[in-house]
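**Q** Sharing a structure here in structure tokens format.
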Amino acid sequence: MTVSTETSMINLPALEYFRSVNSTFPKNQEILDFKEKGKKVFGWLCTYVPEEVIIAAGALPVRITGYGRETDLADGNAYLYINNCSFSRSCLQRGLRGDYSFLDGVVGGSTCDGARRLFDAWRRYINTPFYQVLTVPRKTTDEAQALYLDQVISFKQNLEEFLGLQITETALLQAIEVCNETRDLLKKLYELRKRPEPPINGAQTLEVLTASFRMPKVNFNQKLKILLNELEHSKVVYNGRARLMVVGSVLDNPEFIKLIEETGGLVVTDELCTSTRYWSDPVIIQEGESAISAIARRYLTNFPCARMYPSEERFDRILALCRDFRVDGVLSQIIRYCVPYAHDFPLLNDKLKTAGIPVLDLDVEYGTSGSGQIRTRVQAFLEMMEAKK
Amino acid sequence: MTTNNKVNSIVQSCRVILKMATPGSLPKSDILYYQMLSKYYTKLLKAKENGNFVAAHTVFFPAEILYAMDIVPMHTEMTTWLVALFLGEQAELLSAGAELGLAAEICSPHRGLAGAFLRGYLPRPDVMLWSNLICDNTAKSGELVMKLNNCPGYFVDHPFQHSKAEVSYLVNELKGMIRFLEEHSGHKMNWDKLAETVARSNQQLALTREINELRKLVPSPFPTQGFLKLLSADYLFPGQPEAIEYLTQLRDELKNNASENKTAGKTEKYRLMTLFLPPIYLMSYLDKLYQEYGAVSVVEPMFNSRAEAEFDPSQPLKSVAEKSYLIPESRVMYGPLTDEVVKYVVDSATDYKVNGALFWAFLGCRHACATIKIFKDALNAADIPMLAVDCDIVDPTINPREEIGEKLGQYFELLEGL
């Protein structure tokens, strides 16, 4: 059965499970069960925080996100002012209102102005027992890797002190194994999307991805294996008027992708820190290397965020994804006041246009499900692409 | 990109100001200030003709290194906005930035900067240098400027926190930049010259501290907007004889004014702390308004209150790296907002005996505005009322000046009632 790109009510129990994890987040059953066992839960901000270190400490890393819907951000505005991105304001508001009261610690990185200040305000106004912000270099040179390794080691030591335990090499290796399995399974999920008619659409994929950082990885991996099997045998496939890629600021609301797909486009890949940039590169331990060193290298040299220098690598990897997934057009969605992506846009736009890939730039707010205006613009973009064919 | 160099407008404006000055109408320090500006931009204008190598760089950049290598610096933000303000062409530059596809949420100084290069208002540099000190805008502005000018560039990665490992990393970054500059300019680093600059930086810091001490006096002998000139001296001539001469003269004048109990304005009724920068296109208007209400800015902890330090000329590069951590912009705006930083701001309010604080909420500066609540809470706890005024520091179309004036008027009335 071939269906339009609209998310259907097709029976995929594993996907339904991921939906329930997301719909009840932050206090979902997976997290509550983990806490019930007397274990610690740490919130992290930004993909430059190494989850493996938290897992190796026997704790659960959970990604701090804001409201996955449009909502009044009165507290966020008051504490971070209106000109910080709605992602940081939304996260802070959830923190201030106690949604993350179960967290034992918060770990951030010096990744962008919004994230830095979110961390500052969180530290000052929300009573979470453990805090650490990691200096994240913007380069990936040997010296930058050494500095970042120094930061990750200090994080490990602080965590050990806070939890009163030793994070062993064996525990780190096991954590790497679990996280690499997640990455490998997500890669398999994306491989399915390369098909001319994939068995999963973009909105559904984002539901899987968001669940991946809201529950223990071991449990997630089990469920994802089931989903992959279900998809492999599914008779349902998706097609669309155009194969689209979504790039830009943090995005964890599947409703936004759903709106795009309702217009007839099919989102087949992305360059998002909640998706491809989250899972893309595994931790590879080189000969004679310690686990912590391999973890630090992977996190710094992973598919780069727009904050990193030079921007070329990010652009090249976007172009490679366009080729691999046979992308017809790119949707750049940039949250207002997300400066790193906004600054890159003119340069990326030129690159994509030179490669013959049309680009639609959308100014959005975090959590938006998309407005009528966005729907109209996406429709016009699809029509423009069709007219050029 | 067109060639339409307008840097000459700065030189001409300085000449006019100096020419129109009648004996005694301007303090000698102001004359030195305008001479300093004129010298910097004349050198930039004549750089090509004189066969000089020009390096464009973003704000809070260690220009000491450029002077030691005999390279002509071009401070991109300051140059762009001096040109725009002297010519009244803010709108033109911002619209050029928009033409490039830069979103309105990118801060106006950086949108305008890119626009200035697109329009050819600034001369084409031989290289572009930039760093992430102080924000994502500075971190991201270099690559577009390189593309617009078809020139090579070097990005200095400034670590977020101040540890030994991070200072070493920064020193290494600076070494990389020096190698890059040596390769592209053919100029060798003159380490003796850099050591002399560092020695003068100590002198510059000492003078700044003396000036700040004088500003603690009641009444303050220092004019409200004078701190922008202090900043300019460090932006354009860090550790250079020109900055020392200017600051020495200024210090002497302030001492003299203090001994004669002269106030900066007509009267001093309210002593203010200024957080972030006031709209620079409104300087005359604000000066008038402050005078009318008897308000004087006596301390600007985000910009003009240097930490205690003594740099070691025998380790010049490390000293330059350390300086970048000591500047208040780095401590208050860029680095982690620790309890010590908040305490430093509150203590400044006490030390300078302020009655109130004004936070210029420049909507383009995300990380500064994100501190408004934190500073307001901390200052209020110390009984210092703080007003945040929404504004844009260079774009006059965002808030009408009457709106700003009205808010300030109401605030001064509130202070009156306390």
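**Q** Say whether the condition of being closer than 19 Å to residue A:308 by Cβ, at pLDDT 95 or above, in a helix (DSSP H, G or I) and in contact with a Pro (Cβ under 6 Å, 6 or more places away or on another chain) is met by at least one residue in region A:288-295.
**A** At the first step, the residues of region A:288-295 found to be closer than 19 Å to residue A:308 by Cβ are A:295.
Now restrict to residues that are at pLDDT 95 or above: A:295.
Filter once more, so that each one left must be in a helix (DSSP H, G or I): A:295.
If we keep only those that are in contact with a Pro (Cβ under 6 Å, 6 or more places away or on another chain) as well, we get A:295.
There is at least one residue in region A:288-295 that is closer than 19 Å to residue A:308 by Cβ, at pLDDT 95 or above, in a helix (DSSP H, G or I) and in contact with a Pro (Cβ under 6 Å, 6 or more places away or on another chain).
**Q** Hey, among the residues in region A:322-351 that are farther than 24 Å from residue A:366 by Cα and part of a helix (DSSP H, G or I), which one's farthest from the other protein chains (Cβ to nearest Cβ)?
**A** Quick first cut of region A:322-351, residues farther than 24 Å from residue A:366 by Cα only: A:322-328, A:350-351.
After this cut, where a residue has to be part of a helix (DSSP H, G or I) as well, the list is A:322-324, A:350-351.
Values: A:322: 19, A:323: 23, A:324: 25, A:350: 8, A:351: 11 Å.
Among residues in region A:322-351 that are farther than 24 Å from residue A:366 by Cα and part of a helix (DSSP H, G or I), the one farthest from the other protein chains (Cβ to nearest Cβ) is A:324.
**Q** Give the residues of region A:88-103 that are under 26 Å from residue B:331 (Cβ atoms) and either at the interface with chain B (Cβ under 10 Å from one of its Cβ atoms) or touching a residue at least 60 places away in the same chain (Cβ under 8 Å) (or both), sorted by residue number.
**A** Listed by number, the residues that qualify are A:88, A:89, A:92.
**Q** Keeping to region B:165-212, report how many residues are assigned to a helix (DSSP H, G or I), in contact (Cβ under 8 Å) with a residue 60 or more places away in the chain and charged (D, E, K, R).
**A** From region B:165-212, those assigned to a helix (DSSP H, G or I) are B:165-185, B:191-212; that's our starting set.
Then keep just the ones that are in contact (Cβ under 8 Å) with a residue 60 or more places away in the chain; that gives B:167, B:170-171, B:174-175, B:177-178, B:181-182, B:184-185, B:191, B:193-199, B:201-202, B:205, B:208-209, B:212.
Okay, now just the ones that are also charged (D, E, K, R), so B:175, B:182, B:193, B:196, B:209.
The total comes to 5.
**Q** Another question, if that's okay. Hey, can you tell me all the residues within region A:104-115 that are in contact (Cβ under 8 Å) with a residue 40 or more places away in the chain, part of a loop (DSSP other than H, G, I, E, B) and either in contact with a helix residue (DSSP H, G or I) (Cβ under 8 Å, 6 or more places away or on another chain) or surrounded by fewer than 24 Cβ atoms within 10 Å (Cβ to Cβ) (or both)?
**A** Hits for region A:104-115 are A:104, A:112.
**Q** Specify the residue that is surrounded by the most Cβ atoms within 10 Å (Cβ to Cβ); the eligible residues are those in region B:206-251 that are within 14 Å of residue B:33 (Cα to Cα) and among the acidic types (Asp, Glu).
**A** The qualifying residue surrounded by the most Cβ atoms within 10 Å (Cβ to Cβ) is B:234.
**Q** Going residue by residue through region A:63-73, is there one that turns out to be within 14 Å of another protein chain (Cβ to nearest Cβ), more than 30 Å from residue A:161 (Cβ to Cβ) and assigned to a helix (DSSP H, G or I)?
**A** no
**Q** Still on this structure: Can you tell me which condition residue B:139 does not meet? The list is (1) in contact (Cβ under 8 Å) with a residue 24 or more places away in the chain; (2) within 11 Å of chain A (Cβ to nearest Cβ), and all the others hold.
**A** Just one mismatch for residue B:139, condition (1).
**Q** I need a count of the residues in region A:260-293 that are of a type outside the set (Gly, Ala, Ser) and within 19 Å of the chain's Cα centre (by Cα).
**A** Of the residues in that region, 16 qualify.
**Q** Can you name the number of the only condition in (1) closer than 15 Å to residue A:256 by Cα; (2) within 14 Å of chain B (Cβ to nearest Cβ); (3) more than 24 Å from the chain's Cα centre (by Cα) that residue A:354 fails?
**A** (1)
**Q** Taking the conditions exactly as written (of a type outside the set (Val, Ile, Thr) and in contact (Cβ under 8 Å) with a residue 12 or more places away in the chain), does residue A:127 satisfy them or not?
**A** Criteria not met by residue A:127.
**Q** To continue, here is another question. Inspect region A:244-251 for any residue being within 14 Å of chain B (Cβ to nearest Cβ), in contact with a strand residue (DSSP E or B) (Cβ under 8 Å, 6 or more places away or on another chain), of a type in the set (S, T, N, Q) and closer than 30 Å to residue B:158 by Cα and give the result as yes or no.
**A** Among the residues of region A:244-251, at least one is within 14 Å of chain B (Cβ to nearest Cβ), in contact with a strand residue (DSSP E or B) (Cβ under 8 Å, 6 or more places away or on another chain), of a type in the set (S, T, N, Q) and closer than 30 Å to residue B:158 by Cα, which makes the answer yes.
**Q** Evaluate the following for residue A:181: is it without any contact (Cβ under 8 Å) to a residue 60 or more places away in the chain, touching a helix residue (DSSP H, G or I) at 6+ places or on another chain (Cβ under 6 Å), within 27 Å of residue A:29 (Cβ to Cβ) and not hydrophobic (A, V, I, L, M, F, W, C)?
**A** yes
**Q** Considering each of A:200, A:226 in turn, give the residue that is in a loop (DSSP other than H, G, I, E, B), in contact with a helix residue (DSSP H, G or I) (Cβ under 9 Å, 6 or more places away or on another chain) and either in contact (Cβ under 8 Å) with a residue 12 or more places away in the chain or not hydrophobic (A, V, I, L, M, F, W, C) (or both).
**A** On the way: A:226 fails: in a loop (DSSP other than H, G, I, E, B).
Unique residue meeting the criteria: A:200.
**Q** Being without any contact (Cβ under 8 Å) to a residue 24 or more places away in the chain and not β-branched (Val, Ile, Thr) is true for just one of B:8, B:50. Which residue is that?
**A** B:50
**Q** Another question, if that's okay. Does region A:117-125 contain any residue that is in a helix (DSSP H, G or I), among the aromatic types (Phe, Trp, Tyr), surrounded by 24 or more Cβ atoms within 10 Å (Cβ to Cβ) and facing chain B (nearest Cβ under 10 Å)?
**A** Yes, because at least one residue in region A:117-125 is in a helix (DSSP H, G or I), among the aromatic types (Phe, Trp, Tyr), surrounded by 24 or more Cβ atoms within 10 Å (Cβ to Cβ) and facing chain B (nearest Cβ under 10 Å).
The values are calculated or read from the model by the stated rules, or taken from the named source; none is laboratory data. The shown structure was predicted, so the numbers you read here are calculated from the model rather than taken from an experiment. Because the Cβ atoms are built from the backbone with ideal geometry, glycine has one as well, and the counts that use them run over all protein chains shown.
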